[in-house]
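Student: Here it is, the structure, as structure tokens.
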Amino acid sequence: MSQSSIFTRIINGEMPGEIVYQDDLVFAIKDIHPKAPVHILIIPREEIGMVNEIGQSNEHIAGRLLSVAAKLAKQFNLDKSGYRLVINNGRDAGQEIKHLHVHLLGGRRLTWPPG
Ligand code: AMP
């Protein structure tokens, strides 16, 4: 049996983590190494590995990731000032954890283009 991801272990209470939201499809935690004053990860409960694995069968989950990002942006007072959503997909993007997650970043001016 393959090992659960770090994120699954956090939502299952097997590892520490600051859970800020959960519903039937997704959950959100504070990033352990924040890159901005607000840095939250929004994660599907299902261990979808990356964007490459999104298709018709799970597009409702992808949609939920975005609607929850919008909800949390509002809750953390980023909706007026602005924020960035990032999904790293694969090696060249530097994806470290092979369990899909949307980074919600805000609370400071974010530079563009990203590195
Ligand atoms: P990525 O490079 O897109 O795969 O991003 C992985 C993110 O997970 C990084 O921003 C890490 O800081 C974050 N991270 C790694 N381990 C943990 C953890 N135990 N709790 C919260 N965030 C984590």
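Read-outs: derived from the displayed coordinates by stated rules, not from any lab. Not measured: the values here are computed from a predicted model. Note that we place each Cβ from the backbone using ideal geometry, even for glycine, and neighbour counts take in every protein chain shown.
Student: Within 15 Å, Cβ to Cβ, of Pro114, how many net charges do the neighbouring residues add up to if Lys/Arg are +1 and Asp/Glu are -1?
Tutor: +3
Student: How much length would be gained if the chain were fully extended between His33 and Leu66, taking 0.36 nm per residue of separation minus their Cα-Cα distance, in nm to one decimal?
Tutor: Length gained between His33 and Leu66: 9.7 nm.
Student: Taking the chain as a Gaussian network, where each spring joins two C-alpha atoms under 10 Å apart, which residue of His33, His99, His60 fluctuates the most?
Tutor: Judging by the Gaussian network model, the answer is His33.
Student: Moving on to the next point. Mind checking the full-extension length gain between Glu14 and Lys98? Use 0.36 nm per residue of separation minus the Cα-Cα distance, one decimal, nm.
Tutor: Between Glu14 and Lys98, full extension yields an extra 28.4 nm.
Student: Next question, about the same structure. Taking only DSSP H segments of four or more residues, each worth -39500 (n - 2.57), what value at 222 nm results for the chain once the sum is divided by all its residues, to the nearest 500 deg cm²/dmol? Don't skip to the answer; put the middle values down first.
Tutor: Details: 2 runs with 23 residues, N = 115.
Calculated at 222 nm, the ellipticity per residue is -6000 deg cm²/dmol.
Student: Can I ask one more? So for the pair Glu46, Gln75, with labels modelled 7 Å out along Cα→Cβ, what separation do we get in nm?
Tutor: Modelled inter-label distance: 2.3 nm.
Student: Next question. Against the globular-protein guess of 2.2 N^0.38 Å, express the Cα radius of gyration of the range 67-115 as a ratio, rounded to two decimals. Could the numbers behind the result be given before it?
Tutor: Working: Rg = 12.1 Å, N = 49, 2.2 N^0.38 = 9.7 Å.
Its radius of gyration relative to the 2.2 N^0.38 Å reference: 1.25.
Student: Using alpha carbons only, how many degrees (0 to 90, rounded to 10) separate the axis of helix 59-75 from the longest principal axis of the chain?
Tutor: Taking Cα atoms only, the helix is inclined about 40 degrees.
Student: Taking only the Cα atoms of the chain, how large is their convex hull per residue, in Å³?
Tutor: For the chain, the hull spanned by Cα atoms encloses 118 Å³ per residue.
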